[in-house]
Amino acid sequence: MKKPFETQDLSSLREKLIGLGEQSFRKSYYPELQNSIEELERFRALLDQTNDTIFLVHISTGRLADVNQSACRQLDYSREVLLTLSLDDLVQLNGNEKLSELFFSPDSGEQNTGMITAMIMKRNGDPIPVEITLRVVTFDENIYGVAVARDITERIKYQQEREKRAWHNASQAAEAERLKTEEELQESEEKYRLLVERMNEGILVLDSQGRIIFTNSAMNKMLGYGVGELLGESLFSIISQSDMYNAVFYRNKFVHLEQLNSRQYEVPLINKEGHQIFALLSQSPLKDKDGNITGSMAVVTDITERKKIEETLRLTEERFSKAFNASSSLMCINSVDEERYIDVNDTFANITGFTKADLIGITLLESNILKQDDYIILKQEFINEGYILNVETSFFTRTGVIRQGLFSIERIKLNDMECLLITINDITEYNQMEEKLAHLNKLRLIGEMAAGIGHEIRNPMTTVRGFLQMLGSQDDSAKNKRYYDLMIEELDRANTIITEYLTLAKMKTIIKKDLNLNDILDAILPLIMANASKNDIYVEVEQNYIPNLLLDEKEIRQIILNLVSNGLEAMTPGGRLKISTYIKNQEIVLAVQNQGPEIPPDILAKLGTPFFTTKETGTGLGLAICYSIADRHNAAIKIETNPKQTTFFVVFHP
Amino acid sequence: MYMQYQSELRKYVIPELIFGSGALHLAGRYARNFGARKVLVVTDSGVVRAGWTEQVTKSLESAEIPYTVFSAVSPNPRSEEVMEGTEVYLSQHCNVIVAVGGGSPMDCAKGIGIVSSNSKHILNFEGVDRVFAPIPPLICIPTTGGTSADVSQFAIIRDVQNRVKVVIGSKAVVPDVALVDPDTLTTATPYLMACTALDALTHAIEAFVSNACSPLTDVHALEAIRIISSNLVPAITDPDNHAVHNQIMLGSLEAGMAFSNAILGAVHSMAHSLGGFLDLPHGECISILLNHVIAFNYPSSVERYERIGQAIGLDLRGMSSKQIKNAILSRLSILRNAVGMERTLGQHGINPSDIPKLARNAIKDPCMATNPQRANQRDVEVIYEEAF
């Protein structure tokens, strides 16, 4: 059973029946016609564009039914005229046959398809040789012949030419044979000549006197000379004169052929314009029949570029080397396989106490700068990660002092060789300072706690003292009175001690006042004198006029005392300490000069660093406090030192 | 029911029409205007015997147009015949079709047109709007007063194997030209006249009550009902009356113009099913079913049926709707009997056990889509049973 309507929605069916469906339109041929026409037009264009001439022939009459544009063009007829003609009017066959008869074979009456060659006549009577393909087709029961004619003029011409050429070639063959032997001889010579001329390398031939007797074109080009310009010139004229010793050396090599075997040399040559060219010369002697040396020949390769690259590389390495040696980190370069030292920088040598000679050649482990355990840990991490960055590890100096370092190891390439670059940042001092800072913090904390406790003790003491005083005034007996007084006295003493202690622990507050530096100096001068005379040192004071400054008296006293006591300690008895104040460049200067020994530069650089001290009992805080006081007063501390004397200047910027 | 569709769009498609005595002689001229190289004349043996085919071919000859006659068409044209005709059309390099005869040759000609340009078996086009490539120019010359295939968008082809009639509906199947010549009715037998005229009357009635009706079609439908109902009996009793032929032909044409655009209803759906199953004459099936379908549809379209009653000449004033219905049904029965159509389905050799199958096919028929009363399988079975 058919079932197209079963599922169809009734209303959509109704819609279509009424004629309002998508496809409900009356037949129209137009779109199809349009397509067909376009297709035909394309096809027609194709036919018209071909170079073949195409004829459609009514078989019954032999008349032309249609032709393409090429036919009109090539035969120089209009289409209208052509359509009045028959194919036989246009085509001339070799025999007496007529083309129109060829579509059907006369015997069988069957269709002929095939190809024939014929002449087709243009309007002016000129014949065109053509190849005609014949076919029979049927449209609407009409039988047509289709003749496609292809112009073969060019092909015939080409064939004729080829034949002519073939004949010509045959006659030349004998002559050619005769010449061939001759040519072959020349050819061999020519081949070598070409070889020499076309080589990229230059060829240079010298006679026994060192004169140039041959150059090839590459040689001339390399030096910028024209053909033959170098002939007869001495070898000297092309060797760079910049190094006469070498020039003589090269001359000996070339002219006197000290080495008879073929050798290569790098020679600085000089071109016509005077620029230096590096060349690689492969030299070999020339000998006559008897084996006597008659001169030499050299193959010359321009290696200027290569030299440049080498130079660049050398510079790069030099830069690396400078950075390597100037670095403040410890650095060493070790081989990859056994970690043998290849190079160490100066810092490495200085800090570890080894010399370069000690280290180079031995392995990292042998140098014993690492504990074996640390070495294994570092090595394991390097194998895992391929590099190490800032791993904190302790290392030893030659004398066995332990130092702390941040180890970094990476692979680098030096002179095409894989190496390890080991960098150690020495953090020993840094660590020590950290420890001291932690200690100081602890002290400060204890101080603050003590201050708190002190306060708590003072309050009940005040109460006790008050009641003692009250009881003392009520008690008339003189016997007891002095006990009361004693108790109050003892309490006051304890209170004073606590107060002083508190003052020590309390954060210092700075009170700046308009004061004169000279007045402060005068005030503490007796103390200084007393100290100095105890050490048998003479103090000279030179006070000049200076304006007032905003100063904290206590702090200024401390800075002066510190500088003076430093000076006294640096000097041997009988020395002279000079304190002076003056104005210089609108700045107010306090100078304390002692006759102690010169301060070494490395110590000088660290002066003022907290806890840095050269004294056995020093705290390392004296100068540090001076620096911080100076800082708070907008002043700077400068130091001048020489073997005779050392001066500390405190320079105030008003 | 009708209100529902009033605001809908409506389309009206009919062929170029020539009506009047001698219209068929224009066949040659029209064929030439269509650029005919060779014409396929589709007709049947009856029409050939009546001499109308020859008249048409003469017209073609006088226009110097070669032609081939294909007359192997039976009543209720079969799909095989369509394919055979297409074979002739293509092998003879025809490019225009002229159909001469009743519904059968015209439907067959439409089928040939469809297959020749769409290159598929005719049964593939069953349904509505399934023909996409335009068919060749088709000139229809009806020789009966009823089928209206000359103006309609339908082609009914019988699938003998499955014993069904296939309805092909497409605007692309509407003929290009209809040459309606009343003279052709002169050779019709009374039975043929009765069958075709009742078919035409039914076209008009179904189109008028169709749910796709419109003012464009109503005017033709009512006019056709009026003309045919008043000329049906004279056409049988006075077979040489040219004026009556003219009226019957005109009525049939107007009925065609109406139903091709307003479509049909249950009568035709059920008749197609019957005709496919038993190969009964189409008009015979129609006449048996008409009254029973009206009785079924009546409640859905009381007002429209009343106008039909007036058109068939009844004075319905003062009557109740039931009375009107009975009056219409009895008038139609009288008409039917007057032209010699008296048999029932049972008398045509239908077996009651065939009814469910007939009903199944009928509700699948496209004409069912425009029946004013929606009918299900059981409704259709009941109508068949009543007509038994």
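The values are calculated or read from the model by the stated rules, or taken from the named source; none is laboratory data. Quick caveat: nothing in here was measured; it's all calculated off a predicted structure. Here the Cβ is made from the backbone with ideal geometry for all residues, glycine too, and neighbour counts use every protein chain on show. The area values use the complete protein model at the heavy-atom level, side chains included, leaving out ligands, DNA and RNA. Shrake-Rupley method; radii C 1.70, N 1.55, O 1.52, S 1.80 Å.
Structural descriptor for chain A: relative contact order 5 percent, calculated from alpha carbon pairs under 8 angstrom and at least 6 residues apart.
Taking every C-alpha pair closer than 8 Å and separated by at least 6 residues, the mean separation divided by the residue count of chain B gives a relative contact order of 16 percent. With coordinates expressed along the principal axes, the C-alpha atoms belonging to the range A:50-156 extend over 35, 29, 24 Å, beginning with the largest.
Within the same chain, aspartates and glutamates fewer than 8 places from A:Lys307 are excluded, and of the rest, those with a Cα less than 19 Å from its Cα are A:Glu201, A:Asp243, A:Glu266, A:Glu317, A:Glu318, A:Asp416.
The angle between the Cα long axis of helix B:266-278 and the main principal axis of chain B comes to about 60°, on a 0 to 90 degree scale.
Spin-label model, A:Ile376 to A:Lys512: label points 7 Å out along the Cα-to-beta-carbon direction sit 6.2 nm apart. The alpha carbons of chain B occupy a box of 63, 45, 42 Å along the principal axes, longest dimension given first.
The radius of gyration of the Cα set in the protein assembly as shown, together with its Dmax, comes out at 66.1, 185 angstrom.
When accessible surface is computed with a 1.4 Å probe, chains A and B are found to bury approximately 3100 Å² between them, both chains counted. Comparing each chain alone with all protein chains together (probe 1.4 Å, DNA, RNA and ligands left out), the residues of the range B:341-388 losing at least 50 Å² of accessible area are B:Lys364, B:Ala369. Computed from the Cβ-Cβ distance with R0 of 41 Å, the FRET efficiency linking A:Ile342 to A:Ala438 stands at 0.50. Using the Cβ-Cβ distance between A:Arg493 and A:Met470 with R0 set to 25 Å, the FRET efficiency works out to roughly 0.80. What number comes out for accessible area per residue over the range B:1-140 if the probe is 1.4 Å? Units Å², please. For the range B:1-140, the per-residue accessible area is 41 Å². Across the cross-link table entries A:Lys191/A:Lys308; A:Lys615/A:Lys644; A:Lys287/A:Lys308; B:Lys110/B:Lys165, which are compared at the Cα atoms, the separations over 26 Å belong to A:Lys191/A:Lys308; A:Lys287/A:Lys308. Using only alpha carbons, the range A:168-218 has a radius of gyration to Kirkwood radius ratio (Rg to Rh) of 1.31. Here the extension length gained between A:Lys413 and A:Glu154 equals 86.1 nm, from 0.36 nm per residue of separation less the Cα-Cα distance.
Cα convex hull, the range B:1-138: 147 Å³ per residue, rounded to a whole number. The label point for A:Ala636 and the one for A:Tyr265, both projected 7 Å from the Cα toward the Cβ, are 6.2 nm apart.
The spread of Cα positions in the range A:513-652, taken along each principal axis and listed from longest to shortest, comes to 38, 30, 27 Å. In whole percent, and with a 1.4 Å probe on the protein chains, what portion of the accessible area of the range A:513-652 is carbon and sulfur? Exposed carbon and sulfur together represent 51 percent of the surface. In angstrom, the C-alpha Rg and Dmax of the range B:5-55 are 16.5, 49.
In this simple spin-label model, placing a label point 7 Å from the Cα along the Cα-to-Cβ direction at both B:Asp238 and A:Phe214 gives a separation of 13.7 nm. Remark: chain B carries a charge dipole of roughly 620 debye about the Cα centre, counting +1 on each Lys and Arg Cβ and -1 on each Asp and Glu Cβ.
When the alpha-carbon atoms of the range B:168-282 are used, the pair Rg, Dmax equals 14.2, 39 angstrom.
Long hydrophobic helices in chain A: the complete DSSP H runs spanning 27 Å or more by Cα along their own axis with mean Kyte-Doolittle hydropathy of at least -1.0 are A:30-49, A:428-474, A:478-505. Computed from the C-beta positions of A:Asn124 and A:Ser28 and an R0 of 56 Å, the FRET efficiency is 0.65 to the nearest 0.05.
Note that the range B:189-283 presents 25 Å² accessible area per residue, ligands and nucleic acids not counted, probe 1.4 Å.
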